[in-house]
């Protein structure tokens, strides 16, 4: 059998190869493992590659007659290292969890395991999902496959870079303030943040519990919809989970006739690079060409979204990360003079600078005398943002904006300027504060780098939102194969830039 070319291969393409007998699960898995071995030294998307486990799972699929297999059985997937996988190290890219091996599967992992997917390994991220560039990992710096001197975005930078570099057909990430959509935009892939509660958070290591949500990063919208259907659902172990009202199904919409799109005015200001604005304006024209009606909409409160988020999220992180104290699991400083000394040294050495910064901000915001002035005020702002979105959806079916105000920036360019880094999520944060679904799709290129288009829907509107995204994706025809993945001189994306 000919060598399998995984470059740009979608999850649907993998399924078709397996269903048609054109490849065995072992052959497909081996092709991705070979790809990882060939390029991940440059990209550094993976923290752990489970070659033995992946090949064993694939062999078990091949042992079953094809007629008895489940639809996605044997298709490989990669996982952000914030998801608990039984028997596989889970570090959240933090020294404080180095060596921790969960004794259980997260709900989404159990669902994927039951569906027969093959786990290739765990992906790099910003430590405890705190960051927008994946430079905050304690172990390595992931690079953008479109330009290895640039960031892949964050915190799910490993997941986005992995898909863009053809190191997996799809991946799971988590999105607290844009951590799926922003890296998807910077790496030129599709990233979906579901409605809060659509996907169980059980087994997702918590950053900010009222904002965290698990979602897919894929080559195209059809794959995103399929992966959402595999992981969505109510879970009694997560009291905030509701599941979806129905399956996302297979997106098939050809045009956008009858749909109204609100163009968010506040996201098109000076913070947005000119190249990003030009790509976005072209995408708005494409919406019109497909029959959609676009009009400007103002959401005044979203301009305060970043400020509100960086009080709410660190406050929740301060509480959630209190458990990492060296007593029960994870890193422990030894020897120590006493219990207090052990706490101080363990947390000082185990956490990175950005995590410590956010813990301190959150602890301060929750402290006596400051709670009302900071945390409570941020929550009131969150309510105003929700009201703005609610009012907008009275007029429009969906809202659109750039996903990120910039293309991928240079490694090290913002690491010493936290405020500049935080503004990377300007367009994505309000969606999490309002618990809404949103998807980022590749819209084009600026200065040779990918630009994402964000489509925001009302609560639990994923089927219609993905249908609209699919129609746009088909017309835009942006190549998601990064130059590193395609190889020297063969990137078909050159003609699109």
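The values are calculated or read from the model by the stated rules, or taken from the named source; none is laboratory data. This structure is a prediction, so every number in the text was calculated from the model and none was measured. All Cβ positions, glycine included, derive from the backbone under ideal geometry; neighbour counts span all protein chains shown.
Remark: pairs (first residue in region 169-182, at positive phi; second residue part of a loop (DSSP other than H, G, I, E, B); Cβ separation under 6 Å; 6+ apart in sequence or on different chains) = 178/428. Got at least one residue in region 114-122 being at pLDDT 95 or above, in contact with a helix residue (DSSP H, G or I) (Cβ under 6 Å, 6 or more places away or on another chain) and within 30 Å of residue 416 (Cα to Cα)? Looking for residues that are at pLDDT 95 or above, in contact with a helix residue (DSSP H, G or I) (Cβ under 6 Å, 6 or more places away or on another chain) and within 30 Å of residue 416 (Cα to Cα), one finds none in region 114-122, hence no. Of the residues making up region 296-328, those that are in a loop (DSSP other than H, G, I, E, B) and either over 22 Å from residue 363 (Cβ atoms) or in contact with a strand residue (DSSP E or B) (Cβ under 7 Å, 6 or more places away or on another chain) (or both) are 298, 299. The condition (being over 13 Å from residue 462 (Cα atoms) and assigned to a loop (DSSP other than H, G, I, E, B)) is satisfied by just one residue among 277, 244, 230, 256: 256.
Within region 338-354, residues that are more than 20 Å from residue 99 (Cα to Cα) and in the same structural domain as residue 324 (by TED's automatic domain parsing) reach partners that are modelled with pLDDT of 95 or more and surrounded by 13 or more Cβ atoms within 10 Å (Cβ to Cβ) with beta carbons closer than 6 Å, at six or more positions or on different chains, in the pairs 354/130; 354/131; 354/136.
Kindly establish whether residue 59 is touching a helix residue (DSSP H, G or I) at 6+ places or on another chain (Cβ under 6 Å), assigned by TED's automatic domain parsing to the domain that holds residue 147, on the phi < 0 side of the Ramachandran plot and surrounded by 17 or more Cβ atoms within 10 Å (Cβ to Cβ). No; evaluated as a whole, the condition is false for this residue.
Can you name the residue in region 62-73 that is free of Cβ contacts under 8 Å to residues at least 60 places away in the same chain and touching a helix residue (DSSP H, G or I) at 6+ places or on another chain (Cβ under 9 Å) and, of all such residues, is surrounded by the most Cβ atoms within 10 Å (Cβ to Cβ)?
73
Among residues of region 227-239 that are at positive phi, those with a beta-carbon under 8 Å from a residue that is in a loop (DSSP other than H, G, I, E, B) and crowded, with 21+ Cβ neighbours inside 10 Å at least six positions away or on a different chain give the pairs 233/200; 233/244.
The residues of region 1-19 that are in a loop (DSSP other than H, G, I, E, B), without any contact (Cβ under 8 Å) to a residue 40 or more places away in the chain and in contact with a helix residue (DSSP H, G or I) (Cβ under 9 Å, 6 or more places away or on another chain), listed by number, are 1, 3, 4, 5. Only one entry in 263, 287 is in contact (Cβ under 8 Å) with a residue 24 or more places away in the chain, part of a helix (DSSP H, G or I) and closer than 30 Å to residue 447 by Cα, namely 287. Could you tell me whether region 334-341 includes any residue that is closer than 30 Å to residue 434 by Cα and at pLDDT 95 or above? Checking region 334-341: not a single residue is closer than 30 Å to residue 434 by Cα and at pLDDT 95 or above. If you go through region 470-497 and keep only what is at pLDDT below 95 and assigned to a helix (DSSP H, G or I), you end up with 483, 484, 485, 486, 492, 493, 494, 495, 496.
Taken over region 389-429, the criterion of being farther than 16 Å from residue 183 by Cβ and in a helix (DSSP H, G or I) is satisfied by 389, 390, 391, 392, 393, 394, 395, 418, 419, 420.
Return the residues of region 1-21 that are farther than 25 Å from residue 190 by Cβ and modelled with pLDDT of 95 or more; say none if nothing qualifies. 21 - this is the single residue of region 1-21 that is farther than 25 Å from residue 190 by Cβ and modelled with pLDDT of 95 or more.
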